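The values are calculated or read from the model by the stated rules, or taken from the named source; none is laboratory data. As the structure is a computational prediction, the values presented were derived from the model and not from experiment. We place every Cβ from the backbone using ideal geometry, glycine too, and count neighbours over all the protein chains shown. For accessibility, only protein heavy atoms count, side chains too; no ligands or nucleic acids. Shrake-Rupley method; radii C 1.70, N 1.55, O 1.52, S 1.80 Å.
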Amino acid sequence: MYPIQEIRKDFPILGRTVYHKPLVYFDNAATTQKPRSVVESITNEYYSVNANVHRGVHFLSQQATELHEAARRTVQTFINAHSANEIIFTRGTTESINLLASTFAESQMKAGDEVIISAMEHHSNIVPWQLQASKYGIVIKVIPMNDQGELLLDAYEELFTERTKLVSITHVSNVLGTINPVKRMIATAHAHNVPVLIDGAQSIPHMKIDVQDLDADFYAFSGHKVYGPTGIGVLYGKEKWLDMLPPYQAGGEMIQHVTFEKTTFNELPYKFEAGTPDYIGSTALAKALDYVSAIGMKQIAAYEHELTVYATQQMKQIEGMRIFGEAKEKGAVISFLVGNIHHLDMGTLLDQLGIAVRTGHHCAEPLMNRLGIEGTVRASFALYNTKEEIDVFVNGIRRVCSMF
Ligand code: PLP
């Protein structure tokens with residue numbers, strides 16, 4: 001049995017009310033709530049360990065450094081990376097992708113070289129490439145999708161040319177919920193000798209990730225979407241690639257020796273971690289990963305799948321319901337519109353009922369253009385949501401509909 005009642009007790013915020021109604025938090029794709037162990041890790045470390053890492057000989061600094069490096073090993077184990085040197089701490093998925101786009105384009109691409117992305121990317125896996133395109137004249141190619149929200153794999157294969165240098169795709173769409181067949185897509189890219197970056201922002205909280213099994217060259221994710229704190233994330237990269245790439249930012253920590261004439265750079269992973277890292281955040285992130293590991297990623301995936309199927313069935317019974325994204329492989333995200341009701345009106349009225357959903361283009365304007373809409377209402381589920389909450393949500397939609 002999935003211990004839902006015990007799990008909910010670990011998240012104090014779930015007990016609060018909004019406008020005198022019990023909170024129903026369905027905005028998990030934007031950010032997740034935090035269990036006690038994560039919040040307590042932050043306060044405990046500030047209260048009893050806090051000191052800057054790596055540079056100190058004193059006791060506290062060494063203890064803080066050990067916690068920070070232990071967190072790196074926790075991430076390594078969680079995604080099954082070959083080495084802790086392959087785990088770069090960043091501020092989140094966005095910074096991870098910017099780091100890779102910037103260093104990869106600078107060192108591996110010339111004018112006319114191509115990067116392949118997909119029709120369902122978040123802006124943070126589009127705009128970093130556009131910045132590099134305007135700097136270096138690289139070309140962005142886009143994998144199209146069908147009306148169910150599945151990428152067209154034949155069309156994907158046809159995009160490869162002699163000039164293709166990288167594929168950068170999302171694992172799970174934050175709008176459609178589509179789980180892309182990334183293992184297969186990575187194999188296709190590798191058959192063309194092209195490395196692949198996976199945007200894992202929406203997959204890390206919901207499924208077991210094994211970067212070696214996927215054979216991903218790079219994998220990016222954010223701590224706050226997997227029950228960890230804001231401001232910390234990860235770029236995983238195969239050591240052979242990270243060794244080849246130049247530093248991203250410069251400052252303390254990433255250097256070996258500095259003279260006014262010349263600087264030599266530190267080894268991995270520090271080469272990419274300029275300045276004081278978020279060592280409080282890394283430890284708290286490790287606590288979050290420990291938390292989900294204790295429940296089990298398989299159990300979480302199965303439970304969330306049940307919630308998604310149940311919600312979809314209930315929602316489809318509402319007249320005028322349009323669900324965007326009906327891929328065969330789909331995660332815990334449901335984007336929808338009902339009749340002519342504007343997404344903002346639906347979101348605002350649901351909020352009055354204590355139900356938190358997201359509305360708008362979800363940082364995926366090109367996808368909205370493909371769908372021919374301005375925006376959607378998005379409900380996204382997490383390991384602590386319940387069928388009872390889905391009932392409140394579906395009744396809420398019906399109530400809103402009756403007002404129009
Ligand atoms: N990629 C996807 C698919 C996302 O859903 C998000 C956030 O919603 C991001 C990237 C950006 O994540 P962050 O804002 O944490 O850097």
* Asked: Which one is farthest from the ligand (Cβ to nearest atom) among residues in the range 103-132 that are closer than 16 Å to Phe160 by Cβ and among the hydrophobic types (A, V, I, L, M, F, W, C)?
  -> Met109
* Structure fact -> Out of (1) open to solvent by less than 20 Å² (accessible area, probe 1.4 Å); (2) outside the structural domain of Met368 (by TED's automatic domain parsing), the one Phe336 does not meet is (2)
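Restricted to the range 276-309, and to residues that are hydroxyl-bearing (Ser, Thr, Tyr) and farther than 14 Å from Ala382 by Cα, which residue is surrounded by the most Cβ atoms within 10 Å (Cβ to Cβ)? So that I can check it myself, show each step before the final result.
First, the residues of the range 276-309 that are hydroxyl-bearing (Ser, Thr, Tyr): 276, 279, 282-283, 291, 293, 303, 308.
Then drop every residue that is not farther than 14 Å from Ala382 by Cα, which leaves 276, 279, 282-283, 293.
Working: Thr276: 13, Tyr279: 23, Ser282: 26, Thr283: 24, Ser293: 14.
Per the stated criteria, the residue is Ser282.
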* Listed residues Val194, Val182; which is at pLDDT 95 or above and within 14 Å of Ala327 (Cβ to Cβ)? -> Val182
* To do: Among the numbered conditions (1) closer than 20 Å to Ala220 by Cβ; (2) part of a loop (DSSP other than H, G, I, E, B), tell me where Gly281 comes up short.
  => (2)
* Among the residues of the range 27-50, is there at least one that is buried (at least 17 other Cβ atoms within 10 Å of the Cβ) and at positive phi? -> no
* Structure fact -> Of those in the range 175-191 that are open to solvent by 10 Å² or more (accessible area, probe 1.4 Å) and not basic (Lys, Arg), the residue farthest from the chain's Cα centre (by Cα) is Ala191
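Take the residues in the range 115-129 that are open to solvent by 10 Å² or more (accessible area, probe 1.4 Å) and assigned to a loop (DSSP other than H, G, I, E, B), then tell me which one is nearest to Ala155 (Cα to Cα).
The qualifying residue nearest to Ala155 (Cα to Cα) is Ala119.
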* List every residue pair whose Cβ atoms sit under 6 Å apart, with the two residues 6 or more apart in sequence or on different chains, where the first one lies in the range 78-101 and is under 14 Å from Asp243 (Cα atoms) and the second, anywhere, is basic (Lys, Arg). => Ala84/Arg72; Ala84/Arg73; Ile87/Arg72
* Asked: Which of (1) in a helix (DSSP H, G or I); (2) of a type outside the set (Val, Ile, Thr); (3) under 28 Å from Leu159 (Cβ atoms) is the odd one out, the single condition Gly112 does not satisfy?
  -> (1)
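Out of all the residues in the range 238-250, is one or more within 20 Å of the chain's Cα centre (by Cα) and not acidic (Asp, Glu)?
Kept after step one, since they are within 20 Å of the chain's Cα centre (by Cα), are these residues of the range 238-250: 238.
Still in the list and also not acidic (Asp, Glu): 238.
Yes, some residue in the range 238-250 is within 20 Å of the chain's Cα centre (by Cα) and not acidic (Asp, Glu).
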* Kindly check whether there is at least one residue in the range 376-393 that is within 16 Å of the ligand (Cβ to nearest atom) and either open to solvent by 40 Å² or more (accessible area, probe 1.4 Å) or over 29 Å from Ile7 (Cβ atoms) (or both). => no
* Counting just the residues of the range 93-102 that are surrounded by 23 or more Cβ atoms within 10 Å (Cβ to Cβ) and of a type in the set (Val, Ile, Thr), which one comes out farthest from the ligand (Cβ to nearest atom)? -> Ile97
* Read through the list (1) in contact with a Lys or Arg (Cβ under 9 Å, 6 or more places away or on another chain); (2) in a helix (DSSP H, G or I); (3) open to solvent by less than 30 Å² (accessible area, probe 1.4 Å), then give the number of the only condition that Ile7 fails. => (1)
* **strands (runs of 3 or more DSSP E) fully within the range 166-260 counting 1 or more residues that are more than 12 Å from the ligand (Cβ to nearest atom) and in contact (Cβ under 8 Å) with a residue 40 or more places away in the chain** => 218-222, 233-237
* Could you give every pair whose Cβ atoms fall below 9 Å, whose first residue belongs to the range 3-25 and is in contact (Cβ under 8 Å) with a residue 60 or more places away in the chain, and whose second residue is aromatic (Phe, Trp, Tyr) and in a helix (DSSP H, G or I), counting only separations of at least 6 or pairs across chains? -> Ile4/Tyr303; Asp10/Tyr291; Val24/Phe393
* Yes or no: Gln132 in a helix (DSSP H, G or I) and over 19 Å from Val196 (Cβ atoms)? -> no
* Asked: For residues in the range 146-158 being aliphatic (A, V, I, L, M) and either more than 13 Å from Glu329 (Cβ to Cβ) or not assigned by TED's automatic domain parsing to the domain that holds Glu121 (or both), which is least open to solvent (accessible area, probe 1.4 Å)?
  -> Ala155
